[in-house]
Structures are given as structure tokens and as C-alpha cells.
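Engineer: Mind having a look at this structure? Questions to follow.
The values are calculated or read from the model by the stated rules, or taken from the named source; none is laboratory data. Model, not experiment: these values are computed from the prediction. The protein model used for the area step is the full one, side chains on, heavy atoms only, and it has no ligands, DNA or RNA in it. Shrake-Rupley method; radii C 1.70, N 1.55, O 1.52, S 1.80 Å.
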Amino acid sequence: MAGRNPLVRSMHDLGLAAWFGGTLMGAVGLNGATAKAHDPAERLRLSSIGWARWAPVQLAAILVHGTGGAGLILGNKSRLASQPEARTNTKVKLVLTIAAAAATLYAGILGTKISKHADAGGEGVTEPNPDAPDELIAVQRQQKVLQWVLPALTGALIVLGAQQGEQQRPVVGLLRRLTHR
């Protein structure tokens, strides 16, 4: 039986919680609030400032989550070897984690481009002004999609983590019953 790993499990879960929560709050709260600014140029400028302040925290959250995930894989090697459903879940989580990290990086690159065009303004952070430069319009349209892809990917990771915990539950309960006889 795999030993208890509260430190790496906490790192895995807290890192993912911050990553998910930050992307969802950014899309709903930050982007939504800055879209209400009276000056269209302020909409992009304020959002860019907010996302730039969040970026180091988000990077730390991703690194903490990844470190915790690697620790869980190492700590559960025997379980993964003997339980095909846990192994499949882990593989899917790894693919989704890589996709979410790549999407986060790409969203950051797009955000930098939006910041460089902040003076062109926008109807919202992801809604361009009709007379905005073509590059800004293209970037804002891509960011409009990514702002929802990120919470969807990280939310799926949370669901898969819960599923993996449930997969572990019957085995732990059975082992406890067997050892307490």
C-alpha cells in the first residue's frame, strides 16, 4: 500500500486550486470589471496590470501543482502498476496538465500583445473596438476563447483528482478492515 503523502497531495491540490481559481476569477472578475471602465484604453491597461500581477502567482501555482503531482506519482508507483484505472487517470491528468500549462503560456503571450496595444482600447478585454488594429483584434479573439479554455482544463483536472481519490478509497478501506482483524 502506498504511504500517506499529505505534503505532496497538498501541493498538488493547492497549486491546482490557485491555478483554477485564478483563471476563473480573471475571466469573470478582472476582465469583466475592467470592461466597465469608461475609457476604452483603461480597459486594456488595467486588465494588463492585473494579469501581470497575477502571473508570478500563477507560475508558482503551476510549479507547486506539478511538483505535488510528480510526488504523488512517485509515492503511488505500486498502486499505478497494479491498478489500470488509476494509471489511465494519471495519464489523462498528465496530458491535460501539459495542455493547460501550454494554454496558460499562450494566454500570457497574448496578454503581452494586448498590453502593447492598450492605447487602442477595446469594448472589453477580449472584445475589440471596430477600428482597432488587425493584430489586436486577432489577439483579443484568441484570448476570448482561452479565458474559458483554462478554467475548463484545470476544472477537468480537479474532477480527475477527485475520481482518483475515489478509486483509492475502497482499497484503503479494505486494507484497514483486513489489518484491524
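Engineer: Give me the orientation-averaged projected area of the Cα convex hull of the stretch 85-143, in nm², one decimal.
Structural biologist: Answer in nm², one decimal: 4.5.
Engineer: What percent of all Cα-Cα pairs in the chain falls into each 10 Å bin, going from 0 up to the bin containing the maximum distance?
Structural biologist: The distribution over the chain is 10, 33, 24, 16, 11, 5, 1, 0, given as percents.
Engineer: Using the Cα atoms of the stretch 13-82, I'd like the radius of gyration and the largest Cα-Cα distance, Dmax, both in angstrom.
Structural biologist: 17.4, 60
Engineer: Any idea of LEU80's accessible area? Nearest 10 Å², probe 1.4 Å.
Structural biologist: Rounded to the nearest 10, the figure is 20 Å².
Engineer: Using the heavy atoms of the protein chains and a 1.4 angstrom probe, tell me the accessible area per residue for the stretch 1-156 in square angstrom.
Structural biologist: Ligands and nucleic acids excluded, the figure is 54 Å² per residue.
Engineer: To continue, here is another question. With a 1.4 Å probe and all protein chains kept in place, how much accessible area does GLU42 have, in Å² rounded to the nearest 10?
Structural biologist: 60
Engineer: Hey, what's the Kirkwood Rh for the stretch 60-158 if you take every pair of different alpha carbons, in angstrom?
Structural biologist: Radius from the Kirkwood sum: 15.6 Å.
Engineer: Do the sum for the chain: with -39,500 (n - 2.57) for every DSSP H run of n ≥ 4, divided by all residues, what is the mean residue ellipticity at 222 nm, to the nearest 500 deg cm²/dmol?
Structural biologist: -28500 deg cm²/dmol
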